[in-house]
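The values are calculated or read from the model by the stated rules, or taken from the named source; none is laboratory data. Quantities reported herein were computed from a predicted structural model and do not represent experimental measurements. Note that we place each Cβ from the backbone using ideal geometry, even for glycine, and neighbour counts take in every protein chain shown. Side chains are part of the model used for accessible areas, which takes the heavy atoms of the whole protein and leaves out ligands, DNA and RNA. Shrake-Rupley method; radii C 1.70, N 1.55, O 1.52, S 1.80 Å.
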Amino acid sequence: MTITDRKRLLHIIVVVFSLIVADMVSAANPDEDFYTWAGFEMTGSLPAHNPYLKNLRYKLFMQGRFGDNSSQFSQGLIRAGTGYQFNEKVTAWLGYDWVPTGRPLALSPFNDHAVWQQLSWSNSFAFGTLISRTRLEQHFFDVPGGSDAAHLFRQMLKLSIPVPVVSPRIGVVLWNEIFVNLKTTAAGIRSGYNQNRTFAGFGYQINKMITLETGYMNQHINKSSSPRPDLLLHVLSITLLLNF
């Protein structure tokens with residue numbers, strides 16, 4: 001790794017962890033909780049003999065989120081999507097999410113149904129692999145006013161850094177994702193900053209197709225549109241990534 005690459009990598013790490021501190025400082029007297037998120041994501045190619053279909057991709061993601069000091073199920077996520085891979089770096093996606101949500105994240109249980117569009121970009125450098133994920137989501141909730149779609153913008157940057165001196169299978173994983181509401185809705189959602197998630201952990205390559213990522217995620221959720229204080233969640237995140 002050259003000196004320039006090291007400086008660039010150090011700059012990225014400083015920015016990521018500065019966002020963690022900014023989250024904590026910006027949340028005035030937030031409610032804090034310890035969560036555990038556990039799930040898997042499967043991504044692969046659709047079997048196709050037709051050359052026009054060979055670039056099609058599929059994605060299935062399932063996750064359970066446990067709150068109240070990880071003692072009870074609070075939120076689930078089932079995500080399905082289909083993508084088209086333009087080249088080795090760029091893939092466009094279209095999909096659907098079902099997100100059942102309960103206490104302590106919500107005072108009353110509700111279901112969130114979302115349609116999403118995503119553009120993914122990935123590139124490898126001397127210092128590691130950098131991934132950008134840009135997503136638009138349209139959310140519908142089974143609550144009063146929930147038929148008024150909430151439009152959400154999400155931007156994620158993820159950096160995976162191999163650590164060959166430790167093991168060729170182990171790498172450092174850093175990412176940050178910001179969420180912005182694009183409109184005010186009848187259900188009480190206000191346009192503007194929604195939340196931020198920052199993750200730091202490790203990836204372990206079990207084999208060529210399976211990687212386990214685990215680490216700490218800091219999640220700051222803006223609750224300015226409700227009488228509740230902001231949420232600051234400390235999350236143990238465990239995700240199994242399967243690529244076929």
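Points to keep in mind about this one:
- Glu88 falls short on exactly one of the conditions (1) open to solvent by 40 Å² or more (accessible area, probe 1.4 Å); (2) part of a strand (DSSP E or B); (3) more than 25 Å from Pro109 (Cβ to Cβ), and that condition is (2).
- Residue match in segment 135-156 (condition: touching a helix residue (DSSP H, G or I) at 6+ places or on another chain (Cβ under 9 Å) and at pLDDT 95 or above): no
- Restricting Gln138, Gln118 to residues that are among the polar types (S, T, N, Q), in contact (Cβ under 8 Å) with a residue 24 or more places away in the chain and open to solvent by less than 20 Å² (accessible area, probe 1.4 Å) narrows the list to Gln118.
- Of the residues in segment 40-59, at least one is under 19 Å from Arg197 (Cα atoms) and at pLDDT 90 or above.
- Annotation note: of Arg169, Arg228, the sole residue that is among the charged types (D, E, K, R) and more than 28 Å from Phe110 (Cα to Cα) is Arg169.
- Restricting attention to segment 23-32 and to residues that are open to solvent by 50 Å² or more (accessible area, probe 1.4 Å) and either touching a Leu at 6+ places or on another chain (Cβ under 8 Å) or small (Gly, Ala, Ser) (or both), the residue that is modelled with the lowest pLDDT turns out to be Met24.
- Some residue of segment 192-200 being of a type in the set (Gly, Ala, Ser) and either open to solvent by less than 60 Å² (accessible area, probe 1.4 Å) or within 18 Å of Tyr35 (Cβ to Cβ) (or both): yes
- In a residue-by-residue description of segment 104-118, the property of being part of a loop (DSSP other than H, G, I, E, B), at pLDDT below 95 and within 19 Å of Thr43 (Cβ to Cβ) applies to no position.
- Number of residues in segment 224-233 that are surrounded by 14 or more Cβ atoms within 10 Å (Cβ to Cβ) and in contact (Cβ under 8 Å) with a residue 60 or more places away in the chain equals 5.
- Every residue from segment 204-220 that is open to solvent by 20 Å² or more (accessible area, probe 1.4 Å) and within 17 Å of the chain's Cα centre (by Cα): Thr211, Leu212, Glu213, Thr214, Tyr216
- The set of residues in segment 51-65 being assigned to a strand (DSSP E or B) and under 15 Å from Leu94 (Cβ atoms) consists of Leu56, Arg57, Tyr58, Lys59, Leu60, Phe61.
- Condition check for Thr129: open to solvent by 20 Å² or more (accessible area, probe 1.4 Å) and either among the aliphatic types (A, V, I, L, M) or within 29 Å of Glu88 (Cα to Cα) (or both): yes
- From Val166, Val172, residue being over 30 Å from Pro47 (Cβ atoms), without any contact (Cβ under 8 Å) to a residue 24 or more places away in the chain and either of a type in the set (A, V, I, L, M) or open to solvent by less than 20 Å² (accessible area, probe 1.4 Å) (or both): Val166
- Beta carbons closer than 8 Å, at least 6 apart along the sequence or on distinct chains, pair a first residue in segment 33-59 that is over 27 Å from His220 (Cβ atoms) and open to solvent by less than 70 Å² (accessible area, probe 1.4 Å) with a second that is assigned to a loop (DSSP other than H, G, I, E, B) and small (Gly, Ala, Ser) for Leu56/Ala48.
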